[in-house]
1. Inside the range 285-323, can you point out the residues that are more than 14 Å from M252 (Cα to Cα) and among the hydroxyl-bearing types (S, T, Y)?
2. Name the one entry in K360, K317, K342 that is of a type outside the set (S, T, N, Q) and closer than 26 Å to E28 by Cα.
3. Report, by residue number, each residue of the range 185-218 that is surrounded by 15 or more Cβ atoms within 10 Å (Cβ to Cβ), closer than 24 Å to A458 by Cα and of a type outside the set (V, I, T).
4. Tell me yes or no: at least one residue of the range 298-307 is more than 23 Å from L148 (Cβ to Cβ), over 22 Å from the mean Cα position of the chain (by Cα) and away from the ligand (no atom under 16 Å from the Cβ).
5. In the range 97-119, what residues are within 14 Å of the ligand (Cβ to nearest atom) and in a helix (DSSP H, G or I)?
6. Check whether at least one residue in the range 338-347 is open to solvent by 50 Å² or more (accessible area, probe 1.4 Å) and either more than 15 Å from I251 (Cα to Cα) or in contact with a His (Cβ under 9 Å, 6 or more places away or on another chain) (or both), and report yes or no.
7. Search the range 13-24 for residues that are farther than 15 Å from L87 by Cβ and pair each with any residue that is in a helix (DSSP H, G or I) when their beta-carbon atoms are under 9 Å apart and the residues are at least 6 apart or on different chains.
8. Over 25 Å from G136 (Cα atoms) and part of a helix (DSSP H, G or I): is that true of A365 in this structure?
Amino acid sequence: MSDQQDDKKLWGGRFAEQTDTLVEAFSESVSFDKRLYAHDIKGSMAHARMLASVGILTEDELESILTGLDNIRLDIERGDFFWSSELEDVHMNIEARLTDRIGEAGKKLHTGRSRNDQVATDIRLYLRDIIDDTIGLLKQCRHALIDLAETNVDTIMPGFTHMQAAQPVTFGHHLLAWHEMLFRDTERMVDCRWRVNVMPLGSAALAGTSYPIDRNMTAELLGFDTITENSLDAVSDRDFAIEFLSASALIMTHLSRMSEELVLWASPQFNFIELPDSYCTGSSIMPQKKNPDVPELIRGKSGRVTGNLVSLLTIMKSQPLAYNRDNQEDKEPLFDSIDTVKICLELFAGMVPLIRANAKNMREAAFRGYSTATDLADYLVRKGVAFRDAHEIVGKSVAYGIENNKDLSECSLDELRQFSSQIDDDVFAVLTLEGSIAARNHIGGTAPEQVRAAIERARTKL
Ligand code: ARG
């Protein structure tokens, strides 16, 4: 096959010696940047159309370039394309093959551009698609969380601070807290897309090009919102990718926090939820075990995504203008984060609808945790007691409850009145878990009525 021969360097003109083989292996990027092939071809096609429209290519040359690139794309998709590391990267592999196949016209494709603006364009086109996919996956996760919240609007559980039972909340309210995190993650992706979707093509190597190019035409063909303003900046900065990695790291941080709670809740000690068998594994030695590997792995994988963000920030931080080869190091961390976030969101969206709440255990834990103590204090304040005094009275009541192994709601009126004569019969409405929850009846509160309204609002944002 002619594809496998003649891997002559496209920049070889001024060189007398061959590249050292170790240098070649060290500097090639095709082994990982070949995943940009479709976007590279798309960018080249638009560039060729623009070149033809300004008279740099003839219509015949354009036709043969477009057909040639389309065939290369099909070959790659069929797995019938030889990627040569001697040809360094995805850009030169495709361009060299094009010239192999269509001859002279292929050599004209690179007129008015450089790999420096080409690679920046490819990454932006690719990331734009990835952002759209990520937003779709985030929406699937949010949808699943809202649905599970809806079935658990009245499911009472302890809310925690310092990992200690604090006040009763509903499981639905807790799940909507997770939804909020993923909603902001969605917004961050949408926002990041604005700065990604700007076209650097035309910046050429660093200073622009002497050909009469029409950048707006190329941008329009490629669906870019706008074009970059400064050629030096456009070939150099990868801040748009850093923003994407930062938004990705936040997604993983959120998924990791949720996973941590799932792991805790699925433990026999909590026994708040049942995770689906299909998302857990057993132990090779302890037959009783059902391990929550999926949330554990999601929690673990958040590490590399944060690391990838730090990688890109560090790669960028000392680079002088304009393009430097350091920037080739942007791709592996970027691709790794893309792949990791994708699979984690897919798994999360698949797992959430299969989570079952053990409502009885959740309620029991809220009940045992003196989680309505604040409600008793608020009750006393309504009766005219100063909050600090009320706090003291309730503290003593809780100590009494602990000593006598009783919840506050299980104490008799006489028992409670030992601590304050302000306590009357109506206190029991306040001391129940349901009473406590229903009382937090404002936007953002845990009252079932509010959680139902919050679900409606969340759905309209999907
Ligand atoms: N593979 C390179 C990268 O990813 C493409 C641009 C190379 N440009 C250059 N002048 N060597 O950054």
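1. S311, T314, S318, Y323
2. None of the others qualify; the one that does is K317.
3. D185, R188, M189, C192, R193, listed by residue number.
4. There is no residue in the range 298-307 that is more than 23 Å from L148 (Cβ to Cβ), over 22 Å from the mean Cα position of the chain (by Cα) and away from the ligand (no atom under 16 Å from the Cβ).
5. R115, N116, D117, Q118, V119
6. no
7. If the second residue must be in a helix (DSSP H, G or I), the pairs left are D20/F26.
8. It is true that A365 is over 25 Å from G136 (Cα atoms) and part of a helix (DSSP H, G or I).
The values are calculated or read from the model by the stated rules, or taken from the named source; none is laboratory data. This structure is a prediction, so every number in the text was calculated from the model and none was measured. Don't worry about glycine lacking a Cβ; one is built from the backbone with ideal geometry, like all the others, and counts go over all protein chains shown. Each accessible area value is taken on the protein alone, full model and side chains, heavy atoms only, with ligands, DNA and RNA left out. Shrake-Rupley method; radii C 1.70, N 1.55, O 1.52, S 1.80 Å.
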